[in-house]
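Engineer: Mind having a look at this structure? Questions to follow.
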Amino acid sequence: MEFFESKGHKIVPSAPLVLKNDPTLLFTNSGMVQFKDNFLGNSAPQYNRIADTQKCLRVSGKHNDLEDVGLDTYHHTMFEMLGNWSFGDYFKKDAIAWAWELLTEVYQLPKERLYVTVFGGDKKDNLPVDTDAEDLWKQHIGSDRILHGNKKDNFWEMGEQGPCGPCSEIHIDLRSDDEVKNPDRYRDGKELVNNDHPQVVEIWNLVFMEFNRKADGSLEKLPAQHVDTGMGFERLCMAIQKKTSNYDTDVFRPLMDFISIHADNYKYGSESKKDIAVRVMADHIRAVSFAICDGQLPSNTGAGYVIRRILRRAVRYGFSYLNFKEPFMYRLVPILALQLKDVFSELHKQEDYVTRVVHEEEISFLRTLERGLKRIEHIDKTFSGEQAFELYDTFGFPFDLTALIAREKGFSVDEKGFNEEMTKQKSRSKADATKVTGDWILIGDDKKTEFIGYEQLESEIKVIKYRKIKQKNQELYQLVFDKTPFYAESGGQVGDTGVIESVNEKISITDTKKENELIVHLTERLPESFNSTFVAKVDVRKRELTKDNHSATHLLHAALRQVLGKHVEQKGSFVNENIFRFDFSHFAAMTSEEIEKVESIVNEKIRANIPLIEQRHVPIEKAKSLGAMALFGEKYGDFVRVITFDPKFSVELCGGTHVSATGNIGLFKIISESSVAAGVRRIEAVTAEGAQEFVNGSLAVLNELKTLLKNPKDVSASLQNLIEEKHSLEKKLEVLYQQQANLLKDDLAGKAVKSNGHTLILDKVIVPNADTLKNVAYALRNQFDDLLLVLAADVDNKPQVAVMIGEKLAATNKFHAGNMVKELAKEIDGGGGGQPFFATAGGKNLSGLDAVLIKAKSLI
């Protein structure tokens with residue numbers, strides 16, 4: 001940082017690990033992500049020269065290092081990427097000279113152990129060898145240490161589309177002096193570059209952005225040339241500290257030593273599998289802790305599922321190889337927080353919260369881990385897709401964890417079958433896949449859209465560019481205007497909808513979103529003429545109701561901190577015109593008294609009609625000095641917008657739309673309070689018309705109940721009496737059902753026929769419920785160990801089949817209840833399954849029960 005500051009670079013903070021407003025990525029996976037808009041031309045950089053250290057996570061998508069983490073010495077989930085950036089300023093000459101100066105003069109890495117690669121050209125893209133970079137490197141390093149790399153290694157691309165360019169990597173040979181100085185006995189270092197050698201590793205990549213990859217795959221020159229570099233901090237430490245493993249540096253040793261001490265004083269380096277477990281745990285706690293810090297809680301979908309997978313992988317390694325049978329990972333959080341306090345202070349500030357979230361997740365997984373591992377013990381040679389999915393769905397084993405365990409046992413896993421099972425559960429993921437199918441088509445000047453929606457809900461606009469996308473298999477368009485009154489989805493608030501109108505046409509805007517810094521308007525069709533001047537009109541009613549709800553979240557946040565304590569921090573929100581959700585850090589369910597008190601405070605502030613104080617372009621440090629609440633995991637610029645409803649009550653940084661005074665909100669009502677994750681609670685609430693409708697609806701239900709209960713003085717007591725009476729009747733009914741089951745069991749036992757050494761019972765029965773059918777089957781199994789039972793049952797006018805095999809007969813493997821019931825179920829237009837000795841099936845065709853018995857006789 002000091003080096004690049006001396007070269008005129010502005011030092012900027014790391015962006016959060018968890019990305020918002022970028023549909024292409026779940027996490028920040030490289031240093032350039034927070035500057036993507038500068039490269040795309042969507043926004044002008046604040047500074048032409050920048051340097052930083054960026055928290056990165058590579059565990060999903062194209063860059064997925066998870067399976068290598070812990071097994072080798074240099075891959076990580078979370079890592080720091082040191083970077084220096086030039087936006088249209090310096091290019092190859094300075095980037096190369098400064099890289100060499102920093103590595104060899106400041107860090108004093110041995111020049112004779114360094115190698116560099118340059119782009120060797122690509123015929124398909126009609127790109128020549130990067131001789132400019134090669135000639136510049138010759139001024140610093142011998143030609144024999146400059147290698148040509150292919151497109152895969154030496155041409156960096158942001159994605160399928162977007163800025164790209166040749167790159168120059170710097171590698172270091174960290175092998176022993178004996179290996180390096182004896183090329184006759186050992187391979188020459190340059191032969192090991194980019195060949196996955198653990199001691200010959202890339203430490204820095206200098207990317208020279210000079211092209212744009214278009215949707216059709218062709219390249220065009222960018223209007224300006226940029227530099228984007230990335231140097232792995234952990235690998236740099238390995239080189240400077242003369243280690244042969246990242247894990248042997250002081251980045252990881254405090255965590256690893258703590259793990260080893262508590263693993264019965266295990267001496268790291270003694271046993272391969274235990275070493276891997278120590279490395280996995282030390283690495284994974286970093287990724288999990290900082291992701292939670294930046295607002296991503298473990299969950300079952302999307303980015304949350306990735307974080308849960310990482311944590312569970314670490315817990316399983318500790319459980320299996322280091323005998324950690326109780327939660328342990330959470331104990332590493334304070335060590336990490338202290339270690340990185342001066343670099344990434346957000347973890348130190350949220351240490352208690354992150355520790356408790358990790359602890360709760362560990363408790364949850366350890367409950368099922370042992371049972372899941374026992375389940376695996378009974379699987380032979382190949383994990384079927386169904387078995388792998390059962391481990392995922394029932395025991396919480398991510399697929400890669402199952403695959404890892406299978407590999408250790410020398411088994412294989414049916415990944416295709418697992419994916420098919422996952423496809424059936426697609427409803428769990430609510431993300432709509434959006435695929436860009438066309439390049440931006442420029443109509444006017446390509447400039448940043450001016451947002452005027454705080455003051456105006458209607459304005460003359462010009463369409464300046466558009467592109468085609470595909471969403472839910474529907475072809476749609478994204479429009480960009482020169483200015484817009486439409487608020488783009490951000491900070492939990494939904495995007496505006498409305499129309500744009502010209503003299504000749506009206507086009508609906510169905511959504512407004514931010515893609516990085518670009519405001520895009522979604523529509524089903526393009527204007528007939530782009531030369532027309534359009535009037536953009538926001539749906540006023542939707543905006544007003546959304547403003548009511550958004551302003552209420554600020555009042556709610558302040559009230560929660562007043563009632564529950566200053567530990568309460570916003571952890572997420574969703575605000576539309578009908579309802580809002582507010583997630584916050586708290587470790588216990590709110591009592592009815594606390595909910596009532598919070599409601600009372602918010603409504604008191606609404607009745608006080610507190611005017612909004614809105615301050616724009618406030619320097620971030622001044623905003624914080626005003627007491628403004630900054631949310632962890634949000635990326636703030638140098639200047640922010642401050643929203644205040646009474647300086648002594650609610651002061652927050654926020655870009656959303658708000659009421660001019662709290663009285664506009666009218667009424668606030670909490671409709672639910674629940675848990676969404678370990679340490680995070682959720683309140684759902686309504687305001688204005690929504691609150692009025694909710695109250696009126698609740699009163700209508702209450703009045704209807706009173707009428708049904710014949711207007712008792714105490715509705716609650718009357719309902720309680722009804723419930724108790726119902727429970728009493730249910731118990732009496734259970735006794736009757738049991739008596740009926742006993743009679744049926746005795747009747748069926750009397751009909752049993754000895755056949756071929758089996759006790760055969762095939763019958764059609766009428767039973768009140770499925771439990772009775774099951775109880776009768778098990779009672780007969782206890783009576784006859786050679787039982788072969790098929791019951792075709794009418795269960796409350798619905799057909800059901802049960803097959804039971806006695807214990808003695810089941811041991812012969814001659815009959816399989818699950819296979820039999822699947823075949824018999826066809827007669828009732830149904831399906832089912834179960835265990836080898838007991839299985840059931842349901843169906844739709846009650847008249848098919850007789851055919852079930854005929855087929856059963858035939859099968860037997």
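Engineer: Within segment 504-529, which residues are among the hydrophobic types (A, V, I, L, M, F, W, C) and at pLDDT below 90?
Structural biologist: Within segment 504-529, just Leu518 meets the criteria.
Engineer: I'd like to know if segment 309-330 contains one or more residues that are of a type in the set (Gly, Ala, Ser) and within 16 Å of the chain's Cα centre (by Cα).
Structural biologist: no
Engineer: Restricting attention to segment 103-114, which residues are touching a residue at least 24 places away in the same chain (Cβ under 8 Å) and either within 38 Å of the chain's Cα centre (by Cα) or in a loop (DSSP other than H, G, I, E, B) (or both)?
Structural biologist: Answer for segment 103-114, where residues must be touching a residue at least 24 places away in the same chain (Cβ under 8 Å) and either within 38 Å of the chain's Cα centre (by Cα) or in a loop (DSSP other than H, G, I, E, B) (or both): Leu103, Tyr107, Leu109.
Engineer: Let me ask you something else. Can you spot a residue in segment 843-859 that is outside any helix (DSSP H, G or I), open to solvent by less than 30 Å² (accessible area, probe 1.4 Å) and within 25 Å of Ser755 (Cα to Cα)?
Structural biologist: No, segment 843-859 contains no residue that is outside any helix (DSSP H, G or I), open to solvent by less than 30 Å² (accessible area, probe 1.4 Å) and within 25 Å of Ser755 (Cα to Cα).
Engineer: When you look at Met281, is it surrounded by fewer than 22 Cβ atoms within 10 Å (Cβ to Cβ), among the aliphatic types (A, V, I, L, M), in a helix (DSSP H, G or I) and in contact with a helix residue (DSSP H, G or I) (Cβ under 9 Å, 6 or more places away or on another chain), yes or no?
Structural biologist: Details: surrounded by fewer than 22 Cβ atoms within 10 Å (Cβ to Cβ): no; among the aliphatic types (A, V, I, L, M): yes; in a helix (DSSP H, G or I): yes; in contact with a helix residue (DSSP H, G or I) (Cβ under 9 Å, 6 or more places away or on another chain): yes.
It is false that Met281 is surrounded by fewer than 22 Cβ atoms within 10 Å (Cβ to Cβ), among the aliphatic types (A, V, I, L, M), in a helix (DSSP H, G or I) and in contact with a helix residue (DSSP H, G or I) (Cβ under 9 Å, 6 or more places away or on another chain).
Engineer: Tell me the residue from Phe397, Phe389 that is crowded, with 19+ Cβ neighbours inside 10 Å and assigned to a loop (DSSP other than H, G, I, E, B), please. Talk me through it step by step, then tell me what you get.
Structural biologist: On the way: Phe389 fails: assigned to a loop (DSSP other than H, G, I, E, B).
Phe397 is the lone residue from the list that is crowded, with 19+ Cβ neighbours inside 10 Å and assigned to a loop (DSSP other than H, G, I, E, B).
Engineer: Separate question: Would you check which residues across segment 709-751 are acidic (Asp, Glu) and modelled with pLDDT under 90 and list them? Show your work before the answer.
Structural biologist: Filtering segment 709-751 for residues acidic (Asp, Glu) gives 714, 724-725, 730, 734, 746-747.
Of everything in segment 709-751, just one residue is acidic (Asp, Glu) and modelled with pLDDT under 90, namely Glu734.
Engineer: Sort through Val735, Val767 and tell me the only one that's in contact with a helix residue (DSSP H, G or I) (Cβ under 6 Å, 6 or more places away or on another chain), within 30 Å of Gln800 (Cβ to Cβ) and without any contact (Cβ under 8 Å) to a residue 60 or more places away in the chain.
Structural biologist: Testing whether each residue is in contact with a helix residue (DSSP H, G or I) (Cβ under 6 Å, 6 or more places away or on another chain), within 30 Å of Gln800 (Cβ to Cβ) and without any contact (Cβ under 8 Å) to a residue 60 or more places away in the chain leaves just Val767.
Engineer: Out of all the residues in segment 800-819, which are out of contact with any helix residue (DSSP H, G or I) (no Cβ under 9 Å at 6 or more places or on another chain), surrounded by 14 or more Cβ atoms within 10 Å (Cβ to Cβ) and of a type in the set (Gly, Ala, Ser)?
Structural biologist: Gly818
Engineer: Got a number for residues in segment 701-758 being within 49 Å of the chain's Cα centre (by Cα), open to solvent by 70 Å² or more (accessible area, probe 1.4 Å) and β-branched (Val, Ile, Thr)?
Structural biologist: 3
Engineer: Look at segment 206-217 and say how many of its residues are at pLDDT 90 or above and open to solvent by 10 Å² or more (accessible area, probe 1.4 Å).
Structural biologist: So the count comes out to 2.
Engineer: Of all the residues that make up segment 645-654, how many are closer than 16 Å to Ile606 by Cβ and assigned to a strand (DSSP E or B)?
Structural biologist: 2
Engineer: Within segment 545-569, how many residues are open to solvent by 40 Å² or more (accessible area, probe 1.4 Å) and in contact (Cβ under 8 Å) with a residue 40 or more places away in the chain? Outline the logic, then answer.
Structural biologist: As a first pass, look at segment 545-569 and keep what is open to solvent by 40 Å² or more (accessible area, probe 1.4 Å): 561-562, 566-567, 569.
Subsequent filtering for residues that are in contact (Cβ under 8 Å) with a residue 40 or more places away in the chain retains 567, 569.
Looking only at that region, the number is 2.
Engineer: Output the residue which, of all residues in segment 151-178 that are open to solvent by 50 Å² or more (accessible area, probe 1.4 Å) and charged (D, E, K, R), is nearest to Ser245 (Cα to Cα).
Structural biologist: Residue satisfying both the conditions and the ranking: Asp177.
Engineer: Looking at segment 655-676 only, could you name the residues that are part of a strand (DSSP E or B) and open to solvent by 20 Å² or more (accessible area, probe 1.4 Å)?
Structural biologist: Lys669, Ile671, Ser672, Glu673, Ser674, Ser675, Val676
Engineer: Do we have His148 as open to solvent by 20 Å² or more (accessible area, probe 1.4 Å) and part of a strand (DSSP E or B) here?
Structural biologist: yes
Engineer: Separate question: Would you say Lys822 is out of contact with any Lys or Arg (no Cβ under 9 Å at 6 or more places or on another chain), surrounded by 13 or more Cβ atoms within 10 Å (Cβ to Cβ) and in a helix (DSSP H, G or I)?
Structural biologist: Values: out of contact with any Lys or Arg (no Cβ under 9 Å at 6 or more places or on another chain): yes; surrounded by 13 or more Cβ atoms within 10 Å (Cβ to Cβ): yes; in a helix (DSSP H, G or I): yes.
Against the criterion (out of contact with any Lys or Arg (no Cβ under 9 Å at 6 or more places or on another chain), surrounded by 13 or more Cβ atoms within 10 Å (Cβ to Cβ) and in a helix (DSSP H, G or I)), Lys822 qualifies.
Engineer: Being open to solvent by 10 Å² or more (accessible area, probe 1.4 Å) and either touching a Phe, Trp or Tyr at 6+ places or on another chain (Cβ under 7 Å) or not small (Gly, Ala, Ser) (or both) is the filter here, so list the residues in segment 528-537 that pass it.
Structural biologist: Result: Glu528, Phe530, Asn531, Thr533, Val535, Lys537.
Engineer: Something else: For residues in segment 304-357 being open to solvent by 50 Å² or more (accessible area, probe 1.4 Å) and among the charged types (D, E, K, R), which is modelled with the highest pLDDT?
Structural biologist: Within segment 304-357, the match that is modelled with the highest pLDDT is Arg331.
Engineer: Just need a number here: residues in segment 259-274 that are in a helix (DSSP H, G or I), surrounded by fewer than 24 Cβ atoms within 10 Å (Cβ to Cβ) and out of contact with any Phe, Trp or Tyr (no Cβ under 6 Å at 6 or more places or on another chain).
Structural biologist: Result for segment 259-274: 3.
Engineer: Only one of these conditions is not met by Ala15: (1) touching a Ser or Thr at 6+ places or on another chain (Cβ under 6 Å); (2) modelled with pLDDT of 80 or more; (3) not in a loop (DSSP other than H, G, I, E, B). Which number is it?
Structural biologist: All conditions are met except number (3).
Engineer: To continue, here is another question. Go through (1) in contact with a Leu (Cβ under 6 Å, 6 or more places away or on another chain); (2) surrounded by 20 or more Cβ atoms within 10 Å (Cβ to Cβ); (3) of a type outside the set (A, V, I, L, M) and name the single condition Gly492 misses.
Structural biologist: (1)
Engineer: Could you check segment 637-649 and list, in sequence order, the residues that are modelled with pLDDT of 90 or more and open to solvent by 60 Å² or more (accessible area, probe 1.4 Å)?
Structural biologist: Passing the criteria: Pro647, Lys648.
Engineer: For Asn797, which of the numbered conditions (1) under 22 Å from Leu743 (Cα atoms); (2) open to solvent by less than 20 Å² (accessible area, probe 1.4 Å) fails to hold?
Structural biologist: So Asn797 meets the others, but not (2).
Engineer: Would you mind finding the one in Glu634, Glu621, Glu577, Glu652 that is within 23 Å of Gln350 (Cα to Cα) and crowded, with 20+ Cβ neighbours inside 10 Å? Step through it out loud before you land on a result.
Structural biologist: Working: Glu634 fails: crowded, with 20+ Cβ neighbours inside 10 Å; Glu621 fails: crowded, with 20+ Cβ neighbours inside 10 Å; Glu577 fails: within 23 Å of Gln350 (Cα to Cα).
After ruling out the rest, the residue left standing is Glu652.
The values are calculated or read from the model by the stated rules, or taken from the named source; none is laboratory data. These numbers were taken from a predicted model, which means no experiment stands behind them. Backbone-built Cβ (ideal geometry, glycine too); neighbour counts: all protein chains shown. Each accessible area value is taken on the protein alone, full model and side chains, heavy atoms only, with ligands, DNA and RNA left out. Shrake-Rupley method; radii C 1.70, N 1.55, O 1.52, S 1.80 Å.
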